[in-house]
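The structure appears right after this line, and notes come after that.
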Amino acid sequence: MTTTAIRVTNLRKHFGELAVLQGVSFEVAAGETLVLLGPSGCGKTTLLKTLNRLVEPDGGTIEINGRDVRQQAPEQLRRGLGYVIQQVGLLPHLTVAQNVALVPGLLGQPAAATQARTTALLDRLHLPAARFGGLLPAQLSGGQQQRVGLARALAADPPIVLLDEPFGALDPITRAAVRRDFRELDELRRKTVVLVTHDVTEAFELADRILLLNQGHIEQLGAPRELLRQPASEFVRQFFQAEQLGLEMRITTLAELRPWLSALGSAPASEPAPVATSLVSGSPATTPPPAPTSAPGPDATPLPWAMSVHETLGRLAEAGPAGLPVADTGGRLTQGQVLSAFGHSLSAFAA
Amino acid sequence: MNTLTELLAFWRTHLDKLGQQTLQHVALTAAALLLGVAVAGPLGIWLTRHRRWQGPVLGVAGVLQTVPSIALLGFLIPLLGIGARPAILALLLYSLLPILRNVVAGIEGVEPAVVEAARGLGFTDGQVLRRVQLPLALPVLMAGIRTATVINVGVATLAAYVAAGGLGEFIFGGIALNNPAMILAGAVPAAALALAFDGGLGLLERLSARHLRAVGGGLLVALPLLAAGYWLPRATGRLQAGFSPEFVGRADCLPGLTSAYNLRRLPNVVLAPALVYEAARDGHVDVIDGYSTDGRIRAYGLRVLADDRRALPPYYAAPVLRPQLLQAHPELGPVLDQLSGQLSDSAMTNLNYQVDFLHREPRAVALGWLRRQGLYRAPRPLPPGAPVVRLGSKIFAEQYILLEMYAALIRGQTDLGVQTKTGLGGTIICFEALRTGQIDLYPEYTGTGLQVLLQPSPAVLDSLAGRPAAVYGYVKAQFARRYGLEWRAPLGFNNAYCLLMRQSQARQLGIASISQLGQYLRGGR
């Protein structure tokens, strides 16, 4: 049973004549990562800012942890919500460590605990406090600054974190690195995250669910594979069209490839039932198939069926075919089989 | 080199005054700056949040900046009287624009992303201001305060005109006395003060670039301390005097008077010459210096205190001319001499009064007097190509009147044309114009010729001892010898320095002469 962290009901906002949000309603479950996605000017940043009251809506309600945000002073509300923006906005006259310690300071938390927390966060984000803590923001690269921004948002351990295009200003290589750190940060796994981006690949990489906005209303809200496989409108379909192949590779799991592997004629009978339908018909495969039931060989590692094609390829690229945990015919796939299955599936997607 | 030695000598002999004036100057600047920051700082912050008021408010501050400082002081006197209050208010008004403008520019120049991030983290508006906007705007804020400081140190010299003291006392005294060393004696420390203030604020800014509170605290502690120098106890007495810078500075004026009459218990402040009469009329001061034929003596109900020990130098008016003029036109001499000895002190005071306070034309007043004396003749028709006599005057009523009298006499009794040049600012300008042949005649005073132009040694002054005939004889001889210029016979009146009191007060205290003033001050009677 999941609890609702954020509930937005019929949110409306105008800037003069322009309707920026036209009756937006959605919920975010505790621990979920929701990505607000959409073209420029669709209202996604405005929507995010209504959550911490940097923008006051014209109508509708926002509840956070069951409480209307208007019941709290904006400052009190914001101190409980981590906030990261594209331009980072580190206070240039304070050191890295002082920047990270800002919110705990506002909350009046004891200095020693804050310092320990700051050090731990910076270390985890690959900015060892001993070396970076005393530097001024201007002495850091863009990627380093955004890591500090992230640490600052997490310093007071808020249950909810809001991020507005956090990787938008970074060059592609830095962006990938910071995004990986972000994804791998244990801190964030436990938190409710609302992230704004216009980058569909980023959305698919990070999202549990995606909220696709267009001209102030929700086009579709769902898991990445739902948006891709069951677009609710022509807009949704076209929105992902250019990136279709790459996105498919991110949502397709090895389990879904099993029928193709079976078609090669070497899949043992003891393996779980094929899920080919999920590829052909597009029905959601919400739960990964159970692990193979037959006893593994002495050196075998079970194949991680829930892993996406994209990630599998990533591991292949890193460690070569040997890095892929496959075994021989004793109820297992060979590396060759997996690779050829990839080839089949890719050509199927491309068709 | 010579000026430098004189400057050092002047400082040595006026060390106590130098210290007092510097202290006053620092205090005025600091007080105005403190108030300026206190007013313009919050106002500027308010303007960043109410942007549509920026145009009107900065516009008003800009207009204030363009009001000439002496005029601003003039406006403030009726409201605030004389002394530190109008001076500090004027300085405050001048410091508004630079501080306001830089507060607005500094706060609005802070990167919007930083402000948004701070708000997003949960800073209150006040915390955003104190911990983000003000620290980041600090260099710009300080630049504005430093600009205001330098302006204030400069304008504070004018405080000497409203009895607020400061280094302007030396400067304006020096200008009045044509004494470069005395001007420098005030100007050099004023310039040094400007640099010191600017440097001090710069140091404060650099030392604590990251510590807004330290800067603010530093200013809040330092400025009142500096300003407090102004309220050091001052001498008080039964009467308060207000004197013009020249009167205070000249050896034969206040210092001579003080020793001759033992006036040591007469505390005085320095005022602009234009303001002393009003200050006396309005009761801000009780005793002033003035010119004995000034029309305001009558207009304001003031009493001239008799100089019964003849301590003040005589200032008998007489025409000074180029001898070439009389060589070419011998008939002119007797015409000009018709005025000799004809104008008494009271007659001249009356004529001045008509021009200064009844706002009659100097020419009408001059012709009216000539008619009553039977000296007026209708102008003769000018023969073609008639030579022209060029008459000059300084810019005040008495000189205009005298000039019109001479012009009418020449037009009515000779065949010469007359050209009048009444725009010659001061003694030096008139004198140089005459010496270099740009004018032929102007009315001068024996005391001015002696003190301002000839500047004889103290020994010579002693020997003259303020005797009118001796001074006239000396001036006449020296002008002829040194400059080849001729003094004609005096007109009769003595437009000398004098001490003045309000008639009502003088009568009540029974003071008619400077001796009686001295007795009163010493507690007699």
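Every number in this text was worked out from the coordinates using simple rules, so none of it is lab data. It should be emphasised that the depicted structure is a prediction, and the values quoted were computed from it without experimental measurement. Methodologically, a virtual Cβ is constructed for each residue, glycine included, from the backbone with ideal geometry; neighbour enumeration extends over all protein chains shown.
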Starting from the eigenvalues of the Cα gyration tensor, five times each then square-rooted, give me the equivalent ellipsoid semi-axes of chain B, largest first, whole Å.
-> 53, 27, 22
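As an exercise, identify the trypsin sites (Lys or Arg not before Pro) in segment B:234-300 lying in DSSP coil whose Cβ has no more than 16 other Cβ atoms within 10 Å. Don't skip to the answer; put the middle values down first.
Numbers: sites: B:Arg234, B:Arg238, B:Arg250, B:Arg264, B:Arg265, B:Arg281, B:Arg296, B:Arg298; in loops: B:Arg234, B:Arg238, B:Arg250, B:Arg264, B:Arg265.
For trypsin sites (Lys or Arg not before Pro) across segment B:234-300 that sit outside H, G, I, E and B with at most 16 neighbouring Cβ atoms in 10 Å, the list reads B:Arg234, B:Arg238, B:Arg264, B:Arg265.
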Check B:Lys421: other-chain or 5+ apart residues with amide H under 5 Å from its amide H, H built from backbone geometry?
-> B:Leu391, B:Gly392, B:Ser393
List the lysines whose Cα lies under 23 Å from the Cα of B:Lys394, skipping any in the same chain that are fewer than 8 positions away.
-> B:Lys421, B:Lys476
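Taking N as the number of residues in the protein assembly as shown, what value does Rg over Cα atoms divided by 2.2 N^0.38 Å take? Please report the intermediate quantities before stating the final value.
Details: Rg = 46.1 Å, N = 876, 2.2 N^0.38 = 28.9 Å.
Cα-based Rg divided by the globular estimate yields 1.60.
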Check: C-alpha center segment A:2-44 vs C-alpha center segment B:437-474, spacing in Å is 94 Å
If you take the charge dipole of the protein assembly as shown about its Cα centre, with +1 on Lys and Arg Cβ and -1 on Asp and Glu Cβ, which of B:Leu76, A:Phe240, B:Tyr376 is farthest toward its positive end?
-> B:Tyr376
What span do the alpha-carbon atoms of segment B:376-525 cover on each of the three principal axes, reported in whole Å from largest to smallest?
-> 70, 39, 25
R0 = 51 Å: FRET efficiency of A:Ala138 with B:Ile429, Cβ-based, nearest 0.05?
-> 0.25
Amide H neighbours of A:Leu36 under 5 Å, counting only residues 5+ apart in sequence or on other chains, H built in-plane at 1.01 Å?
-> A:Leu195, A:Val196, A:Thr197, A:Leu211
With the label point 7 Å along the Cα-to-beta-carbon line of A:Gln238 and a cut-off under 20 Å to each amide N, the hits in segment A:21-48 are A:37-44
Span from the segment B:1-61 Cα centroid across to the segment B:480-495 one, whole angstrom = 45 Å
Plugging the Cβ-Cβ distance of B:Arg264 and B:Asp308 into 1/(1 + (r/R0)^6) at R0 = 25 Å yields, to the nearest 0.05, a FRET efficiency of 0.85
Can you check what the net charge comes to around A:Leu21, using other residues whose Cβ is under 10 Å from the Cβ of A:Leu21 (Lys, Arg +1; Asp, Glu -1)?
-> +2
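Any number yet on Rg/Rh for segment B:93-168, C-alpha, Kirkwood? Could the numbers behind the result be given before it?
On the way: Rg = 17.3 Å, Rh = 14.1 Å.
In segment B:93-168, Rg relative to Rh is 1.23.
How big is segment A:13-147 by the Kirkwood estimate over distinct Cα pairs, in Å?
Working: mean 1/r = 0.0579 Å⁻¹.
The answer is 17.3 Å.
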So for the pair A:Asp208, B:Asn350, with labels modelled 7 Å out along Cα→Cβ, what separation do we get in nm?
-> 10.8 nm
Listed by chain and number, the residues whose amide H is under 5 Å from that of A:Val84, excluding neighbours fewer than 5 places away on the same chain and using placed H, are A:Leu162, A:Leu163, A:Asp164
Rg [Å, one decimal], Dmax [Å, integer] - segment B:246-356, C-alpha atoms | 18.0, 56
Under 1.5 on a/c is rounded, so check that first for segment A:167-211, then, if it is not, pick prolate when a/b is larger than b/c and oblate when it is not; a ≥ b ≥ c are the square roots of the alpha carbon gyration tensor eigenvalues.
-> oblate
HN-Hα J in Hz across segment B:402-409 - Karplus 6.51, -1.76, 1.60, θ = phi - 60°, x for Gly and Pro = 4, 4, 5, 4, 5, 4, 5, 4
When averaged across all projection directions, what area in nm² does the alpha-carbon convex hull of segment B:282-328 cover?
-> 5.6 nm²
State the Cα centre-to-centre distance between segment A:130-202 and segment B:92-114 in whole Å.
-> 34 Å
Mind checking which aspartates and glutamates have their C-alpha under 14 Å from A:Lys191, skipping anything on the same chain fewer than 8 residues away?
-> A:Glu32, A:Asp157, A:Asp208
Over all alpha-carbon pairs of segment A:67-176, lay out the pair-distance distribution in 10 Å bins, whole %, shortest bin first.
-> 15, 47, 30, 8, 0
Could you give log10 I(q)/I(0) at q = 0.10, 0.17, 0.21 Å⁻¹ for segment B:325-438, computed by the Debye formula over C-alpha point scatterers of equal weight, without solvent?
-> -0.30, -0.90, -1.29
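Grab the other residues whose beta carbon is less than 10 angstrom from that of B:Phe123, score K and R as +1, D and E as -1, and report the net.
Numbers: positive: A:Arg78, A:Arg79, B:Arg119, B:Arg130, B:Arg131; negative: A:Glu75, B:Asp125.
With Lys, Arg at +1 and Asp, Glu at -1, the neighbours total +3.
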Regarding segment A:131-245, what are the three Cα extents along the principal axes, ordered largest first, in Å?
-> 52, 29, 25
Expressed as a whole number, the average count of other chain Cβ atoms within 10 Å around the Cβ atoms of A:96-107 is 2
For segment B:424-473, what is the largest minus smallest coordinate of the Cα atoms on each principal axis, given in angstrom and ordered from greatest to least?
-> 34, 18, 16
With unit charges on the beta carbon (Lys/Arg positive, Asp/Glu negative), name the residue among B:Ala366, B:Ala164, B:Gln399 whose Cα is farthest towards the positive pole of the charge dipole of the protein assembly as shown.
-> B:Ala366
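May I ask you to derive the FRET efficiency for B:Leu79 and B:Arg49 from their Cβ-Cβ distance with R0 = 35 Å, giving the value to the nearest 0.05?
That gives a FRET efficiency of 0.65.
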Cα-based Rg/(2.2 N^0.38 Å) for segment B:24-131, rounded to two decimals, is 1.30
Give me the net charge of B:Asn495's neighbourhood, meaning all other residues with Cβ under 11 Å from the Cβ of B:Asn495; Lys, Arg count +1, Asp, Glu -1.
-> -4
So what J values fall out for segment A:58-70 if you push phi through Karplus, 6.51 cos²θ - 1.76 cosθ + 1.60 with θ = phi - 60°, rounded to Hz, Gly and Pro as x?
-> 7, x, x, 10, 10, 10, 10, 6, x, 10, 4, 5, 6
Could you tell me which of rounded, prolate or oblate describes segment A:1-73, using a ≥ b ≥ c as the square roots of the eigenvalues of the alpha-carbon gyration tensor, with rounded for a/c under 1.5 and, failing that, prolate when a/b is larger than b/c and oblate otherwise?
-> oblate
Residues of B:75-85, mean number of Cβ from any other protein chain within 10 Å of their own Cβ, rounded to a whole number?
-> 0
